[in-house]
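The structure appears below as structure tokens.
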Amino acid sequence: MNELFNVKDKVVVTGGAGILGKGIAAYLAKEGAKVVVLDRSEEAGKALVESIKAEGNEAMFLYTDVMDKEVLEGNKVEIMKAYGRIDVLLNAAGGNMA
């Protein structure tokens, strides 16, 4: 494990089902982070979390919309219920939409 950037047992929240976010979330989970994937696509987000869990790592998916403050506040409540804290917030939300 990389001791300079040790994320073991850290709660990391990221937009995760896009091309970059997917790779980042999977890497952080392999490094021992508890990854919370936020995305508008339930199908893509749940698939990513299942693939992370299949590798023996911890992850959860929450639907979100970064343009909706109430949804984001609800996400925070769910994360705090599950983990009691957020250690890292990684902004990987957005997209390459035509």
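For the range 1-16, taking the residues that are within 17 Å of GLU78 (Cβ to Cβ) and either assigned to a loop (DSSP other than H, G, I, E, B) or not aliphatic (A, V, I, L, M) (or both), the one that is modelled with the highest pLDDT is identified as THR14. Please give the number of the condition ILE79 fails out of (1) more than 15 Å from GLY21 (Cβ to Cβ); (2) within 11 Å of the chain's Cα centre (by Cα); (3) hydrophobic (A, V, I, L, M, F, W, C); (4) open to solvent by 60 Å² or more (accessible area, probe 1.4 Å). Among (1) more than 15 Å from GLY21 (Cβ to Cβ); (2) within 11 Å of the chain's Cα centre (by Cα); (3) hydrophobic (A, V, I, L, M, F, W, C); (4) open to solvent by 60 Å² or more (accessible area, probe 1.4 Å), the lone unmet condition for ILE79 is (4).
Only residues that are part of a loop (DSSP other than H, G, I, E, B) and either open to solvent by 10 Å² or more (accessible area, probe 1.4 Å) or free of Cβ contacts under 8 Å to residues at least 12 places away in the same chain (or both) were counted across the range 32-51, and they come to 3.
Looking across the range 7-31, just one residue is open to solvent by 60 Å² or more (accessible area, probe 1.4 Å) and free of Cβ contacts under 8 Å to residues at least 12 places away in the same chain, and that is TYR27.
Taken residue by residue, the range 7-17 has no member that is polar (S, T, N, Q) and in contact with a Phe, Trp or Tyr (Cβ under 9 Å, 6 or more places away or on another chain). Output the residues belonging to the range 52-83 that are in contact with a strand residue (DSSP E or B) (Cβ under 8 Å, 6 or more places away or on another chain), modelled with pLDDT of 95 or more and part of a loop (DSSP other than H, G, I, E, B). Within the range 52-83, ASN57, GLU58 meet the criteria.
Go through the residues of the range 84-92 one by one and say whether even a single one is open to solvent by 40 Å² or more (accessible area, probe 1.4 Å), in a loop (DSSP other than H, G, I, E, B) and in contact with a Gly (Cβ under 9 Å, 6 or more places away or on another chain). Please lay out each step first, then the result.
The first filter runs over the range 84-92 and keeps only residues open to solvent by 40 Å² or more (accessible area, probe 1.4 Å), leaving 84-91.
Imposing the further condition that a residue be in a loop (DSSP other than H, G, I, E, B) reduces the set to 84-87, 91.
After this cut, where a residue has to be in contact with a Gly (Cβ under 9 Å, 6 or more places away or on another chain) as well, the list is 91.
Yes, because at least one residue in the range 84-92 is open to solvent by 40 Å² or more (accessible area, probe 1.4 Å), in a loop (DSSP other than H, G, I, E, B) and in contact with a Gly (Cβ under 9 Å, 6 or more places away or on another chain).
Scanning the range 52-67 for residues that are open to solvent by less than 60 Å² (accessible area, probe 1.4 Å) and either among the hydroxyl-bearing types (Ser, Thr, Tyr) or over 19 Å from TYR83 (Cα atoms) (or both) yields THR64, ASP65.
The values are calculated or read from the model by the stated rules, or taken from the named source; none is laboratory data. Since this is a predicted model, take the numbers as computed values, not measurements. Glycine gets a Cβ as well: all are built from the backbone with ideal geometry, and neighbour counts include every protein chain shown. When the accessible area is computed, the model is the full protein with side chains, heavy atoms only, and any ligands, DNA or RNA have been set aside. Shrake-Rupley method; radii C 1.70, N 1.55, O 1.52, S 1.80 Å.
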